[in-house]
Amino acid sequence: MTTRLTSFSRNGLDFDVVDTGPIDGPVVVALHGFPQTATSLRELTALLNARGYRTLAPNQRGYSPGARPRGRLAYRTSELVADIAALIGELGRGPVHLVGHDWGAAVAWSLAAARPELVRTLVSVSVPHPGAFLRSLVSSDQLIRSYYMALFQLPVLPERLLSTRPAVLHRALTRTGMSEDAITRVRTEVIETGALTGALNWYRAMALGSPRAVTARVTVPVTHVWSTGDGALSRRGAELAEAYVEGDYRLAVLEGASHWLPEERPDELAELIADRIESVRR
């Protein structure tokens, strides 16, 4: 008998999972980004559940209390990808439909490229293919937009600043368009639980990834979603992403929305996800 997943394990780490929707429905694995947990996806997953999809939203490495290894080496993209592959294996119902926002999108792109047998479709939100992102750094204003990534490389200081000076965190997130409710959840779910160092280690491990991930092509059908009010990601990266997809590719541009699409535009995002899934079922 099919049962709900509330957790899964890999290499001694225990990950929490939010498993909702019709238990026998088509499976959507939804991956959150920085600096949020799976709760940032709850409006989106509820809409997908109402459409008949079962959704699994894990709290990823660094965020789940039982999966916070020390040191940046443990947060290489290959480890993040292997975590989600283990989740799909635990489920035993692959290939799945994969959705990722922000850093979750980066993991989703890499998983789809490295393990295409586990992924039926991909919807990436905000963050494009790693290769497209790198190319946008030298062909647009993306380098300026990504200044904070350099700041996050510093040891200890970012954690101390964001933890002890809540006004700094609030001001930074407000400027990106994040809602008051979402900012409160970042404080209570990430800052106050001690998850911030693990979350920042995703950035600190960026340079430790395999060069092959930058050029790896994705063969599954892809929809990439970008919003015109996203202060962190340029349109150039969204436009370049198509070059890394060998399957059917669609670019969806949401006008006037900020970076935080799963909470700001869940209805439109759910529609795009459902349309991508249905495109392979027709």
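The values are calculated or read from the model by the stated rules, or taken from the named source; none is laboratory data. The structure presented is a predicted model; accordingly, all values stated were derived computationally and were not measured. Ideal geometry is used to build each Cβ from the backbone, glycine not excepted, and the neighbour counts take in all protein chains shown. Ligands, DNA and RNA are excluded from the accessible area calculation, which covers all protein heavy atoms including side chains. Shrake-Rupley method; radii C 1.70, N 1.55, O 1.52, S 1.80 Å.
Structure notes:
- The one condition in (1) buried (at least 18 other Cβ atoms within 10 Å of the Cβ); (2) farther than 30 Å from S146 by Cα that G25 fails to fulfil: (1)
- A single member of G62, G100, G25 is under 17 Å from A274 (Cα atoms) and either in contact with a Gly (Cβ under 7 Å, 6 or more places away or on another chain) or assigned to a loop (DSSP other than H, G, I, E, B) (or both), and it is G25.
- Exactly one residue out of E192, E263 is free of Cβ contacts under 8 Å to residues at least 40 places away in the same chain, of a type outside the set (A, V, I, L, M), under 25 Å from F15 (Cα atoms) and in contact with a helix residue (DSSP H, G or I) (Cβ under 9 Å, 6 or more places away or on another chain), and it is E192.
- Of all residues in region 111-126, those that are surrounded by fewer than 24 Cβ atoms within 10 Å (Cβ to Cβ) and small (G, A, S) total 1.
- Test for A241: is it part of a helix (DSSP H, G or I), out of contact with any Pro (no Cβ under 8 Å at 6 or more places or on another chain) and of a type in the set (G, A, S): no
- Selection count, region 258-282, where residues are among the charged types (D, E, K, R), out of contact with any strand residue (DSSP E or B) (no Cβ under 8 Å at 6 or more places or on another chain) and not in a helix (DSSP H, G or I): 2
- Selection of first residues in region 69-85 that are more than 14 Å from R10 (Cβ to Cβ) and of a type in the set (S, T, N, Q) and of second residues that are at pLDDT 95 or above and in a helix (DSSP H, G or I), restricted to Cβ pairs under 9 Å at least 6 apart or on distinct chains, gives the following pairs, ordered by first then second residue: T77/A106; T77/V107; T77/S110; T77/P130; T77/W202.
- Residue within region 87-97 that is out of contact with any helix residue (DSSP H, G or I) (no Cβ under 9 Å at 6 or more places or on another chain), farther than 24 Å from P262 by Cα and not in a helix (DSSP H, G or I) present: yes
- Every residue from region 130-164 that is outside any helix (DSSP H, G or I), within 10 Å of S234 (Cα to Cα) and either touching a His at 6+ places or on another chain (Cβ under 7 Å) or not small (G, A, S) (or both): D141
- Identity of the residue in region 64-82, open to solvent by less than 30 Å² (accessible area, probe 1.4 Å) and in contact with a strand residue (DSSP E or B) (Cβ under 6 Å, 6 or more places away or on another chain), that ends up farthest from A38 (Cα to Cα): A67
- Complete set of residues in region 178-208 that are surrounded by fewer than 19 Cβ atoms within 10 Å (Cβ to Cβ) and either touching a strand residue (DSSP E or B) at 6+ places or on another chain (Cβ under 7 Å) or not in a helix (DSSP H, G or I) (or both): S179, E192, T193, G194
- Qualifying residue in region 33-55 (condition: in contact with a His (Cβ under 9 Å, 6 or more places away or on another chain), buried (at least 24 other Cβ atoms within 10 Å of the Cβ) and either among the aromatic types (F, W, Y) or assigned to a strand (DSSP E or B) (or both)): no
- Entry remark, region 236-248: residues being buried (at least 17 other Cβ atoms within 10 Å of the Cβ) and not aliphatic (A, V, I, L, M) number 4 in total.
- In region 156-177, residue least open to solvent (accessible area, probe 1.4 Å) [restricted to those that are among the hydroxyl-bearing types (S, T, Y) and out of contact with any helix residue (DSSP H, G or I) (no Cβ under 8 Å at 6 or more places or on another chain)]: T176
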